[in-house]
Amino acid sequence: MTRLAPPSPRPLDYSRADWSGAFRNVLRELDGERLEPSSGSIPPEIEGCLYRNGPGRLERAGQWVHHPFDGDGMIAAVRFADGKARFSNRFVRTEGWQQEEQEGRFLYRGVFGTQKPGGWLANAFDLRMKNIANTHVVRLGDDLLALWEASSPHALDPGSLETRGVTLLDGVLQPGEAFSAHPRFDPGHHGARRMVTFGVQAGPRSRVRLMEFAVDGPDAGRLLAERSDSFPGFAFLHDFAITPNWAVFMQNAVAFNPLPYALGLKGAAQCLASKPGQPGQFWLIPRPGSPLADQAPRRLQAPEGFVFHHLNAFEEPDAGEAGTLVLDSIVYADFPSVGPGTDFRQVDFDSLPEGQLRRFRLDLASGEVCAEDLELRCCEFATVAPSRVGLQARHAWMAVAERERGNDPLQAIEKLDLVSGERRLWSAAPRGFVSEPVMVPAADAAAEDDGWVLVLIWNAARSASDLVILRAGDLSEQAVLPLPLAIPHGLHGSWVPGSL
């Protein structure tokens, strides 16, 4: 494995109080609030809507969630038209959210360790899960989907953000069936754009259901193709990648002991443990509609490491079934978790492994896998231009730490040239903290990096959030739009072009 030479470390530039100040309840829902730039201007070419999802309710009756990933989902939307922007936000009206709003206290346990009041006795053998709809938000057909990967999506009105209710996608899903919060949007490898996603039924032998949906025209939202495959071992799959021929999964080497969860001592995710010294596996599933569709899945041994998110995957020219598949992933040395006795707002970043961008080359003929580091700076939430999903991309944008080595909160956006290694950086430090960048290509883009990068920022200096528009090519600042409220550190978002 080739490693990049580390530069001299920099001192910490952030205040823990500044970072943790974002963790608070959102107390207002706004509708169409006009945003005025504090600097720069909004390009009139940007027309569409940025949707973001993340936890908006983190405390009830003085009790805090154990982990922010247990917070109730809230959608934020910024709509752009004619060089102007308007902001709206609304909680997803899940059944659990409505019940707990009415009671004013937690009624459900959280996957990441949040307990109902009353200690372990009140939580033991209560295996109900509250669908918190807090992980991602995407447009599919006439619905906006709020996603939480352990259960069904919630359908929302794309304009008003009103919750329409749990959707089974016209009978595609069974009630409560897992539906990934990480769909990939195929730019047209099979003739038209598709949303490719999956669901997992985990156990001693796990089943992966791959689904592909139309996203344009009168068939938008219709299931076009699917397949199901089973694999040995307990599956922890948060994300995946696609190429024209393959859906690519990295199965982490983890074990799951459900006993502490059943006894009310831990959340389900806290019962996961990595297997030090044991490799994971790459699961390669031929995509329906590809020339390899009739083939069985492939399994290749993966190097040690833990992966939540992938950047992209592509096939070497004329790869076929015996060529080379390339996968770029953010890899941790171990599973980063928040233990039962830890306050997530006081987490010691130095005690947790940092994510680093690594390239895996999978030789499909020999089964050999080799790896090289692309970025050793702590990073997460990496993306490529939408047109390059599943193809070799020249550029990537990602959230990174301000410090060049070590695990810190994410405070900067990096543009990485995946061929030359050239880096450009835009920093919100010392008092700003970034979220996942969303790349918005220009309508008439002549180059892969022609467009803008939209980033939601926690601005500790004013205890509120900002939306920053960066030029994708050089990361220069186009505009800063102060938002009228504070949005906690969140998860994923998406861009929907055009008017509603």
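Using the Cβ atoms and a cut-off under 9 Å, what net charge is assigned to the surroundings of residue 34, where Lys and Arg are +1 and Asp and Glu are -1? Overall, the nearby charge balance is 0.
Cβ-Cβ distance of residue 47 and residue 425, R₀ of 30 Å, FRET efficiency by 1/(1 + (r/R0)^6): the value works out to about 0.60.
Loop-only GluC sites (Glu not before Pro) in the stretch 377-433, please: DSSP not H, G, I, E or B, and at most 10 other Cβ atoms within 10 Å. Before the final figure, lay out each step's value.
Numbers: sites: 380, 402, 404, 414, 422; in loops: 402, 404, 422.
Sites meeting the loop and neighbour criteria: 422.
For residue 445 and residue 125, the FRET efficiency from 1/(1 + (r/R0)^6), where r spans their Cβ atoms and R0 equals 51 Å, is about 0.40.
Legend: ranking of residues 129, 211, 398 from fewest to most surrounding C-beta atoms inside 10 Å; resulting order 129, 211, 398. Net charge of the neighbourhood of residue 304, taken over other residues with C-beta under 10 Å away and scored Lys/Arg +1, Asp/Glu -1, is 0. Close amide-amide hydrogen proximity is noted between residue 224 and 212, 213, 214, each under 5 Å apart and 5 or more residues distant or on a separate chain (H modeled in the peptide plane; Pro and chain starts excluded). Its Kirkwood hydrodynamic radius, worked out from the mean inverse distance over all distinct Cα pairs, puts the stretch 247-290 at 12.6 Å. Karplus-based coupling profile of the stretch 442-452, in residue order and whole Hz: 5, 4, 10, 4, 9, 9, 4, 9, 8, x, 9, with θ = phi - 60° in 6.51 cos²θ - 1.76 cosθ + 1.60 and x standing for Gly or Pro.
Along its principal axes, the stretch 172-311 has C-alpha extents of 49, 33, 25 angstrom, given from the largest down.
Taking trypsin sites (Lys or Arg not before Pro) across the stretch 417-465, the ones in a DSSP loop with at most 14 further Cβ atoms lying within 10 angstrom of their Cβ are 462.
For the stretch 420-436, the Karplus equation 6.51 cos²θ - 1.76 cosθ + 1.60, evaluated at θ = phi - 60°, returns couplings of 8, x, 4, 10, 10, 9, 10, 10, 9, 5, x, 10, x, 9, 9, 10, 4 Hz by residue, with Gly and Pro reported as x.
Please give me the summed charge of the neighbours of residue 442: other residues whose Cβ is under 9 Å from its Cβ, Lys and Arg +1, Asp and Glu -1. That sum, taken over residues with Cβ under 9 Å, equals -3. The trypsin sites (Lys or Arg not before Pro) found in the stretch 101-181 that occupy coil by DSSP, while having at most 16 further C-beta atoms within 10 Å, are 105, 128. Residues whose amide H lies under 5 Å from that of residue 166, counting only those 5 or more places away or on a different chain, are 155; hydrogens are built 1.01 Å from N in the peptide plane. Shown in residue order for the stretch 48-56 are the 3J(HN,Hα) couplings computed by the Karplus curve 6.51 cos²θ - 1.76 cosθ + 1.60 at θ = phi - 60°: x, 9, 8, 10, 10, 10, x, x, x Hz (x for Gly and Pro).
Among 59, 100, 436, a tally of other beta-carbon atoms within 10 Å of each Cβ gives an order, fewest to most, of 59, 100, 436.
Taken together, the values in this text are just the output of simple stated rules run on the coordinates, not laboratory data. All values reported here derive from a predicted model rather than from experimental measurement. Positions of Cβ are backbone-derived with ideal geometry, glycine not excepted, and every protein chain shown enters the neighbour counts.
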